[in-house]
Amino acid sequence: MAGTFILGIESSCDETAAAVVRSGEQIVSNIVASQIATHQPYGGVVPELASREHLRAIVPVVRRALAEAGKAYKSVDAVAVTQGPGLAGSLLVGISYAKALAFALEKPLIAVNHLEGHIHAVLLEERQKGNHEVRFPVLALVVSGGHTHLYLAEQREESWTYENIGHTRDDAAGEAFDKVAKLLGLGYPGGPVIDRLSKCGDPQAVRFPPSQIKHPDRRTARGPETPLRAAAYPRFDFSYSGIKTAVLRYVETHNLAPSIEARRHALAQIPKPKIEDYLASCDQQTLDLVASFQRTMVQDLVDKTLAAARACDVATLFVTGGVAANNQLREAFEREASQQGLPVFFPSRPLSTDNAAMIAAAAYPKFLSQQFAPMDFSAEAGMILR
Ligand code: KG4
Ligand code: ZN
């Protein structure tokens, strides 16, 4: 099989992943080792445990990705790795291993921004389906456990540029799903469980106030360095700490604490709870609360993103990142974007959450333009995409 084979490595949070992608358009192998079982008892990712798990998993995960691709180490054309954003200790495991491999194999090393990876997950799968025509400008909503960002994305020859026109001021959307699930005794990660339980609740039962952003964002104050195009648009920021507090207040005023404690206890007795176990532990009031929370989150994400799409007159919309796996979010985007005549693309569910195929795909244009990383580059926990 001809083409450029890039080995991608991803270890920014709680998934150790490796993949081989051919010429940015074909997934040859894609291995993801999840650490959910390790972090579940703590209700969230514990950074020290994450680093340790990455150390344990990185060598076998890369070996498996190459074996499933039918590739020898020596036969890949480049090694790509996530530089940031993410947990510093986790990122360093992937970076150190990628450096060692690239050095030993005498292959180029490519550093990739994790958020750019999420955007390229969409492009990779569209190319794989034979769709090579993406109309620009693209607006990309990257919505995950750590991020809720809106980017205008442009491609000039092999070079991609991104302008941030909105981000969360406090919690990321996925973080809100995870915190609400933890508060309700539904375990970690919260998104997939809330997604499935919401089908059984009344989404109109609880009215949450819309999120409000009263203050200008000091972190992104406009200055002489602000790109002209971004300066021309208002910001489309998000805020999800309010709804989390509203759920907490609902729990307190409706005295749900005893039933939450009983649920937490019941689910802790089951090694791998199934959806029937979650359902059996939830009364209708809790299901209504969960469904109403999800509806409010989805509506806010869709409204702000589509308002940004109209203001920036974009031709295409991408929705990507872990929360893009959400069924109601996909349905709402498909319905409301099509009313605006806007094509919307999502990655498949396995490529919505963290994976290394997206890192190898984002590395391909950098390989073509020879944007290689020096051996002394390091992790950037707060890395910005531009
Ligand atoms: O992209 P990702 O794997 O990691 C980060 O880069 O953060 O996203 C993980 C996040 C978690 O917060 C998880 O609860 C959320 O994505 N998530 C979902 C769903 N599946 C995963 N949120 C809502 N609905 C889902 N089906
Ligand atoms: Zn991610």
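The values are calculated or read from the model by the stated rules, or taken from the named source; none is laboratory data. The model shown is predicted, which means the values in this text are computed figures rather than measured ones. Note: ideal-geometry Cβ built from the backbone for every residue, glycine included; neighbour counts use all protein chains shown. Quick note on the areas: whole protein, heavy atoms, side chains included, nothing else; ligands and nucleic acids left out. Shrake-Rupley method; radii C 1.70, N 1.55, O 1.52, S 1.80 Å.
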Within the range 141-150, does at least one residue satisfy the condition of being assigned to a strand (DSSP E or B) and more than 16 Å from ligand 2 (Cβ to nearest atom)? no
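Report yes if F333 is touching a strand residue (DSSP E or B) at 6+ places or on another chain (Cβ under 7 Å), surrounded by 23 or more Cβ atoms within 10 Å (Cβ to Cβ) and free of Cβ contacts under 8 Å to residues at least 40 places away in the same chain, otherwise no.
On the way: touching a strand residue (DSSP E or B) at 6+ places or on another chain (Cβ under 7 Å): yes; surrounded by 23 or more Cβ atoms within 10 Å (Cβ to Cβ): yes; free of Cβ contacts under 8 Å to residues at least 40 places away in the same chain: yes.
So F333 passes the test.
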Applying the selection to the range 105-117, what residues are open to solvent by less than 20 Å² (accessible area, probe 1.4 Å) and either within 16 Å of ligand 1 (Cβ to nearest atom) or among the charged types (D, E, K, R) (or both)? V112, N113, H114, L115, E116, G117
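Check the range 118-139 and report whether any residue there is assigned to a strand (DSSP E or B) and either within 16 Å of A324 (Cα to Cα) or open to solvent by 10 Å² or more (accessible area, probe 1.4 Å) (or both).
Within the range 118-139, the first condition is being assigned to a strand (DSSP E or B), and the residues that meet it are 138-139.
Still in the running and either within 16 Å of A324 (Cα to Cα) or open to solvent by 10 Å² or more (accessible area, probe 1.4 Å) (or both): 139.
The answer is yes, given that some residue of the range 118-139 is assigned to a strand (DSSP E or B) and either within 16 Å of A324 (Cα to Cα) or open to solvent by 10 Å² or more (accessible area, probe 1.4 Å) (or both).
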Residues located in the range 1-20, provided they are assigned to a strand (DSSP E or B) and within 16 Å of ligand 1 (Cβ to nearest atom): G8, I9, E10, E15, T16, A17, A18, A19
Taking A102 and the conditions (1) of a type outside the set (V, I, T); (2) over 19 Å from R63 (Cβ atoms); (3) open to solvent by less than 10 Å² (accessible area, probe 1.4 Å), which numbered condition does it fall short on, given that it satisfies the others? (2)
In the range 30-50, anything surrounded by 21 or more Cβ atoms within 10 Å (Cβ to Cβ) and in a strand (DSSP E or B) is listed as N30, I31
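Only one of these is on the phi > 0 side of the Ramachandran plot and within 16 Å of ligand 1 (Cβ to nearest atom): G94, G86. Name it. Walk me through it before giving the result.
Working: G94 fails: on the phi > 0 side of the Ramachandran plot.
On inspection, the qualifying residue turns out to be G86.
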Quick check on the range 340-386: of everything there that is under 18 Å from I119 (Cα atoms) and among the hydroxyl-bearing types (S, T, Y), which residue is surrounded by the fewest Cβ atoms within 10 Å (Cβ to Cβ)? S348
Among the candidates S90, S159, S144, S75, residue that is more than 26 Å from V302 (Cβ to Cβ) and crowded, with 20+ Cβ neighbours inside 10 Å: S90
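Can you tell me which residues in the range 169-201 are touching a strand residue (DSSP E or B) at 6+ places or on another chain (Cβ under 8 Å) and open to solvent by 20 Å² or more (accessible area, probe 1.4 Å)? If you could, list the steps in order and put the result at the bottom.
Filtering the range 169-201 for residues touching a strand residue (DSSP E or B) at 6+ places or on another chain (Cβ under 8 Å) gives 169, 172-174.
Once the filter is applied, which keeps residues that are touching a strand residue (DSSP E or B) at 6+ places or on another chain (Cβ under 8 Å) and open to solvent by 20 Å² or more (accessible area, probe 1.4 Å), the range 169-201 yields only R169.
Please verify whether the range 195-210 includes one or more residues that are assigned by TED's automatic domain parsing to the domain that holds L329 and either closer than 20 Å to D14 by Cβ or within 16 Å of ligand 2 (Cβ to nearest atom) (or both). If you could, list the steps in order and put the result at the bottom.
Looking only at the range 195-210, we keep the residues that are assigned by TED's automatic domain parsing to the domain that holds L329, and these are 195-210.
Now narrow it down to the ones that are either closer than 20 Å to D14 by Cβ or within 16 Å of ligand 2 (Cβ to nearest atom) (or both): 195.
Yes; the residues of the range 195-210 include at least one that is assigned by TED's automatic domain parsing to the domain that holds L329 and either closer than 20 Å to D14 by Cβ or within 16 Å of ligand 2 (Cβ to nearest atom) (or both).
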Take the residues in the range 293-323 that are aliphatic (A, V, I, L, M) and open to solvent by 10 Å² or more (accessible area, probe 1.4 Å), then tell me which one is nearest to ligand 1 (Cβ to nearest atom). V323
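Filter the range 73-92 down to the residues that are in contact (Cβ under 8 Å) with a residue 60 or more places away in the chain and away from ligand 2 (no atom under 16 Å from the Cβ) and list them by number. Break it down stepwise before answering.
Residues of the range 73-92 that are in contact (Cβ under 8 Å) with a residue 60 or more places away in the chain, as a first pass: 75-88, 90-92.
S75, V76, D77, A78, V79, L92, listed by residue number.
Got a sec? Which helices (runs of 4 or more DSSP H) wholly within the range 297-386 have at least 1 residues that are closer than 27 Å to G86 by Cα and within 15 Å of ligand 2 (Cβ to nearest atom)? Show your work before the answer.
Numbers: elements: 327-339, 349-352, 357-368.
Counting at least 1 such residues, we get 349-352, 357-368.
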